[in-house]
Each structure stands twice: as structure tokens, then as C-alpha cells.
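Shown next, in C-alpha cells, is the structure this report addresses.
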Amino acid sequence: MTAFDDFIELLRLKVDIYHNAKVCGDWLIQEHEPGSTCFHVVTTGSCMLDVPGHIKTELYEGDLIIFPKELEHKLWPVHPQEGEQAHLEYQSRRSGTGLLCGGLKVSHLHQNKLLDAMPSVLLIRSGDSTPWLKKLTKLLVSESTQYQTMHSSILNRLSELLFIYALRHYLQGSSTQASLLSLYIDPKISKALQAFHNTLSDKWSLASLAKVAGMSRTAFVKAFKDVSGWTANEYMIWWRLQSAWELLTQGYSVSAAAAEVGYLSEGAFSRAFKKEFGIGAGKVRKLDLSEV
């Protein structure tokens, strides 16, 4: 496990596929559900994409488009098609565009730092630099065709993988942008973060983190701020509280959760938790998370 893996695990991603078929005829798909996170994968053929004010381009087989917070957009055929719009199985001989579309939910709702750190529209082309995209698209089509299904647990898991790979791909190509997520691809800082994640109950200091990173305290503090825009202390407090939320939902008592994430004082923990989430730690244990 890496620090990035820890972050993804904490998010508890869940995909809900709402379209998985070949679109034929004179078709037009318009999407706009503000605030939601959605994605489209062109599984066969090609189509046009227009996101007003952002991008207008042709999408080809295997291309992936992600909206961290959905914007108004539309999809339609590259060339005019005859007949009414129809959504057919992939086995159909009729020409058309295969589209798999889904919504993505972050069950741990207080992890909005993920969506805030991403661009408004994330387009990833299928090609030599993204072999994972070509392989996953092939698996998605194979699963859809073989079992003739709109969605399944396997399709959902494959779609979750798409998002995770896409996120890592984006991070690796945006090293100049300061964000929380950039910490997870910095070779030295991520090493320190992983050690911190593994032993939250330890008494970590800037000096001890810097030592794990193989840096001086001064260099570590500066690098952390430059890479993420956060201070290392801000991150440690934030991660401890996010982890505590997970523990509380698993049934840990407030005192046990506080100790597990490194707080010596239950009172200090409770005050920090309330400040972060706007809800008392004790109440989290009783929440119906499906309604959060």
C-alpha cells in the first residue's frame, strides 16, 4: 500500500452505471446534473463532445471523459445518421457509437479535497501512453457483450478502476500544480506520508517526518508547502480526523478512535473533530451514512 492507495481506500468509491449500449440513429445525449461526478467511455466508434466554455472535440474508441463536478455537455454522432435515436445491444449490426456512462459517488463525503483538486473536465485519450485505458475498455466491452448486461458488479468495479487509473494518470502529468493530491506522487514526501499513515498513534513531528523523507526539517517543510499548498501540520491533523471518521463509523468509541489516530486528549480530539466536520464525534457512530 502507498499513501495514494490509502487515500483511495478512504474515499470508498462507488460507481453507478446508467448507460451501457450502442447509440444509433439521429441521436443526441445531453447531460447536466450539477455537483455530481460522472464519466463517459467511448467503447466503440466515435462521437462529438461539446462542453460549452471548455472543450469541443471528437472522441474516439477508448477515450475517457470525466466530470468531477458535472457541467452541461452534449454528445452526438460525428457524421449525420438516419432514423430515430435507438439504444441497442453491442451485438447489433447497425452502425453507431458505444457509450458506457456512469456516476461516481464518494461515500466518505468529507473527502471533497479529491474533487476540488481536479480540473473541471478531464479528457484522457486512449493511446500508447495509456495502455491501462485500452485494456480496461476491452474488458468493459467484453463483459457487456458476453453477458448482455447494462451493469453488473464486475462492470462497476472495472469502472472504479478506470477512475483510479485516470486520477493517477492526471497526477503524473500535472506535477507543477500545487494540490493535496500532488503529495502522493512526490517520491520523498509520499514515503514520509506512508509511514505516518501506518502509525497514526505515534507522536509524529516535522523532524521525524523529514527524517523518513531523507530531508532536513527546513527542506521538508518548504517542499511540502510548495507541492501541496498545505503545511505538514495541517495535513497531519486533516488525515487523522478523516481516519477517525472511518473508525467511528466502524463502531469505535470516541476515546478509542482518538487514541488510534494519535490524540492523547479525548477533549482535544472532540473539539478538532467538531471543527472539521460540524458534527460531534459521538453522533457519527449513530449516523445512517446513506443519508449523509
**Report entry** Assigned charges on the beta-carbon of Lys, Arg, Asp, Glu; the chain dipole about Cα centre (debye)
**Finding:** 1060
Query raised in the report: Counting only heavy atoms of protein chains, what accessible area per residue, in Å², does segment 238-283 have with a probe of 1.4 Å?
Result: 46
Report summary line: Dividing the mean separation of Cα pairs under 8 Å (6+ apart) by the residue count of segment 182-292 yields a relative contact order in percent of 22
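Once fully extended, how much extra length lies between Arg217 and Ser120, figured as 0.36 nm per residue of separation less the alpha-carbon to alpha-carbon distance?
Values: separation 97, 0.36 × 97 = 34.92 nm, distance 3.53 nm.
So the extension gain works out to 31.4 nm.
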Report summary line: Mean Cβ-within-10 Å packing, highest first, puts peptides 264-273, 160-169 in the order 160-169, 264-273
Report summary line: So, relative contact order of the chain in percent, Cα under 8 Å, 6 or more apart, is 18
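Compactness ratio of segment 172-292: Cα Rg over 2.2 N^0.38 Å, N = residue count? Write out the running numbers ahead of the final one.
Numbers: Rg = 15.6 Å, N = 121, 2.2 N^0.38 = 13.6 Å.
Rounded to two decimals, the normalised Rg is 1.15.
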Query raised in the report: Given the chain, what whole percent of its Cα pairs are spread farther than 34 Å?
Result: 32
Query raised in the report: Considering the chain as a Gaussian network with a 10 Å cut-off on Cα pairs, which listed residue, Phe224, Phe277, Phe67, attains the greatest mean-square fluctuation?
Result: Phe277
Query raised in the report: Which whole-number percent gives the relative contact order of segment 130-222, counting Cα pairs below 8 Å spaced six or more residues apart?
Result: 16
Query raised in the report: Going toward the positive end of the dipole of the chain, with +1 on Lys and Arg Cβ and -1 on Asp and Glu Cβ, which of Gly173, Phe67, Gln250 do you reach last?
Result: Gln250
Query raised in the report: For segment 1-92, what does the equivalent ellipsoid look like in terms of its semi-axes, each the square root of 5 times an eigenvalue of the Cα gyration tensor, given largest first in whole Å?
Result: 28, 16, 12
**Report entry** Span from the segment 1-77 Cα centroid across to the segment 171-231 one, whole angstrom
**Finding:** 32
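Can you tally the net charge around Leu49? Count Lys and Arg as +1, Asp and Glu as -1, for every other residue whose Cβ sits under 14 Å from the Cβ of Leu49. Can you show the working numbers first?
Values: positive: Lys56, Lys74, Arg125; negative: Glu31, Asp50, Glu58, Glu61, Asp63, Glu70, Glu72.
Spelling it out: positives minus negatives among the neighbours equals -4.
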Query raised in the report: Hey, any idea what % of the chain's accessible area is carbon plus sulfur with a 1.4 Å probe?
Result: 50
Requested in this report: Can you bin segment 159-228 into rounded, prolate or oblate? Criterion: square roots of the alpha carbon gyration tensor eigenvalues sorted a ≥ b ≥ c, rounded for a/c under 1.5, prolate for a/b above b/c, oblate for the rest.
Outcome: oblate
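The values are calculated or read from the model by the stated rules, or taken from the named source; none is laboratory data. Predicted model, so just to flag it, every value in this text is computed and none were measured. Here Cβ is always computed from backbone atoms with ideal geometry, including for glycine, and neighbour counts include all displayed protein chains. Surface accessibility is based on the protein's heavy atoms, side chains included, excluding ligands, DNA and RNA. Shrake-Rupley method; radii C 1.70, N 1.55, O 1.52, S 1.80 Å.
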